[in-house]
1. Of the options CYS29, LEU9, MET19, report the single residue whose Cα projects farthest towards the positive end of the charge dipole of the chain (beta-carbon charges: Lys, Arg +1; Asp, Glu -1).
2. State whether the chain is rounded, prolate or oblate according to the following rule on the C-alpha gyration tensor (a ≥ b ≥ c being the square roots of its eigenvalues): a/c under 1.5 gives rounded; otherwise a/b larger than b/c gives prolate, and the remaining case gives oblate.
3. Apply the Karplus parameterisation 6.51 cos²θ - 1.76 cosθ + 1.60, with θ equal to phi minus 60°, to every residue of region 6-12 and state each ³J(HN,Hα) to the nearest whole Hz, in sequence, with x for glycine and proline.
4. Run the dipole for the chain about the Cα centre, Lys and Arg Cβ at +1, Asp and Glu Cβ at -1, nothing else charged, and hand back the magnitude in debye, nearest 20.
5. Specify the angular offset, from 0 to 90 degrees and rounded to the nearest 10, of the alpha carbon long axis of helix 13-22 from the longest principal axis of the alpha carbons in the chain.
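Read-outs throughout are calculated quantities, based only on the coordinates presented, and are distinct from any laboratory measurement. Everything numeric in this text was worked out from a predicted model, so none of it was measured. Here Cβ is always computed from backbone atoms with ideal geometry, including for glycine, and neighbour counts include all displayed protein chains.
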Amino acid sequence: MTGMLLAILSGDEAMAKRMSKIQPRFADCLPPLIAPVARAKV
């Protein structure tokens, strides 16, 4: 994920495209996404 963030922030579209192709290989290394908790109205 850090590599993808750096590719995006660098502004290099070619690098970002290459990173997006390899990123799915590392999906099992990421924590599961948790839905945001609704905030209580005060």
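1. CYS29
2. oblate
3. 5, 4, 5, 5, 5, x, 7
4. It works out to roughly 180 debye.
5. It works out to around 70 degrees.
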